[in-house]
Amino acid sequence: MTIVRLGNGDLWCHSPTAFSPALKEQVDSLGPVRHLISPNKIHYVHIGAWLKTYPGAIAWVSPGVRERVIKQKMDVAFSADLRDAPPPEWGQDLDQMIFAGNLYLDEVVFFHRKSSTLILTDLIENFEVSRLNKVSWQYGFLLRVGGCVEPDGQAPLDLRLAFCPRKQDARRSLRRLLDWNPEQLVFAHGRWCDRNGAEQLRRSFRWLQ
């Protein structure tokens, strides 16, 4: 999970993780939770638990999530849709876009202007080598083969393959990310990048060249 404190003090919570009382205490110390973000149709399962604790929060849904939630018969009340431009609620703090070109997974990406931070979910996975010892050797092997290991992690192989028929669309989206010229990159999986973000972005999307 990535949390942004907006200019008005509200908390914007990207891809909420498993809820716990200890985590709630830490989050509450930062400010009031107002926005819960599902950035793609893989990252949404914990939002229901957060909504029960923060009923005044708005649950924002990315393309494809509503259909998946209905199919899985999950009790999650999404009330607003993420689009290819930021809504007024955070437009002064964050820019956003839907990264185009994937046949199966639309991911909404965000750029926090003040800190020059690009917030991604699965478009780059950058697992720490030191942590691979904590998973099965089969899973660690797949991560290495898939190119999802630091320092040059990238999207997993299956996700990259799903861009093949529409790579031109993906390249246009990548150019827009590079136009933001991020200094930092934050991912849902693995070590984040705290400097030279645009350079890391080019390396991680080398498969699009």
Checklist entry - Of (1) out of contact with any Asp or Glu (no Cβ under 9 Å at 6 or more places or on another chain); (2) more than 14 Å from F99 (Cβ to Cβ), R195 satisfies all except one. Which? => result (1)
Checklist outcome for this item: Of the residues in region 91-120, those that are within 15 Å of G197 (Cα to Cα) and crowded, with 19+ Cβ neighbours inside 10 Å come to V109, F110, F111, H112, T117, L118, I119, L120
Next on the checklist: What are the pairs with Cβ atoms under 8 angstrom where one residue, in region 8-24, is touching a residue at least 12 places away in the same chain (Cβ under 8 Å) and within 21 Å of Q96 (Cβ to Cβ) and the other, located anywhere, is open to solvent by less than 60 Å² (accessible area, probe 1.4 Å) and polar (S, T, N, Q)? Sequence gap at least six, or different chains.
Outcome noted: C13/T2; H14/T2; H14/T121; S15/T2; S15/S38; S15/T121
Next on the checklist: Being at negative phi and open to solvent by 40 Å² or more (accessible area, probe 1.4 Å) is the requirement here; does S130 meet it?
Outcome noted: yes
Item to check | Number of positions in region 46-71 that are within 21 Å of Y104 (Cβ to Cβ) and in a loop (DSSP other than H, G, I, E, B) | outcome: 3
Item to check | Cross-chain or 6+ apart pairs with Cβ under 6 Å, region 64-77 first and among the acidic types (D, E), then open to solvent by less than 70 Å² (accessible area, probe 1.4 Å) and part of a helix (DSSP H, G or I) | outcome: D75/G48
Item to check | Candidates P63, P86, P39, filtered to the one that is over 16 Å from T121 (Cβ atoms), surrounded by 15 or more Cβ atoms within 10 Å (Cβ to Cβ) and out of contact with any helix residue (DSSP H, G or I) (no Cβ under 7 Å at 6 or more places or on another chain) | outcome: P86
Checklist outcome for this item: Of the conditions (1) surrounded by 16 or more Cβ atoms within 10 Å (Cβ to Cβ); (2) modelled with pLDDT under 95, the single one that D75 does not satisfy is (1)
Checklist outcome for this item: Checked region 2-46 for anything at pLDDT below 95 and touching a strand residue (DSSP E or B) at 6+ places or on another chain (Cβ under 7 Å); matches are Y44
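Results for (1) at positive phi; (2) in contact with a His (Cβ under 9 Å, 6 or more places away or on another chain); (3) aliphatic (A, V, I, L, M), shown as yes or no for each residue.
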position: G9; (1), (2), (3): yes, no, no
position: S15; (1), (2), (3): yes, yes, no
position: I58; (1), (2), (3): no, yes, yes
position: I70; (1), (2), (3): no, no, yes
position: Q96; (1), (2), (3): no, no, no
Next on the checklist: Given the criteria modelled with pLDDT under 85 and either small (G, A, S) or within 30 Å of L6 (Cβ to Cβ) (or both), does G101 qualify?
Outcome noted: no
Checklist entry - Quick check, is R144 out of contact with any helix residue (DSSP H, G or I) (no Cβ under 7 Å at 6 or more places or on another chain) and farther than 24 Å from M1 by Cβ? => result yes
Checklist outcome for this item: Picked from region 171-202 (must be out of contact with any strand residue (DSSP E or B) (no Cβ under 7 Å at 6 or more places or on another chain) and under 21 Å from D106 (Cα atoms)), the residue least open to solvent (accessible area, probe 1.4 Å) is L174
Next on the checklist: Tell me whether region 29-36 contains one or more residues that are over 20 Å from the mean Cα position of the chain (by Cα) and either aromatic (F, W, Y) or buried (at least 21 other Cβ atoms within 10 Å of the Cβ) (or both).
Outcome noted: no
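The values are calculated or read from the model by the stated rules, or taken from the named source; none is laboratory data. Owing to the predicted nature of the structure, the values given are computational and were not obtained by experimental measurement. For neighbour counting, all protein chains shown are included, and Cβ atoms are generated from backbone atoms with ideal geometry for every residue, glycine included. All accessible areas refer to the heavy atoms of the entire protein, side chains included, with ligands and DNA or RNA removed. Shrake-Rupley method; radii C 1.70, N 1.55, O 1.52, S 1.80 Å.
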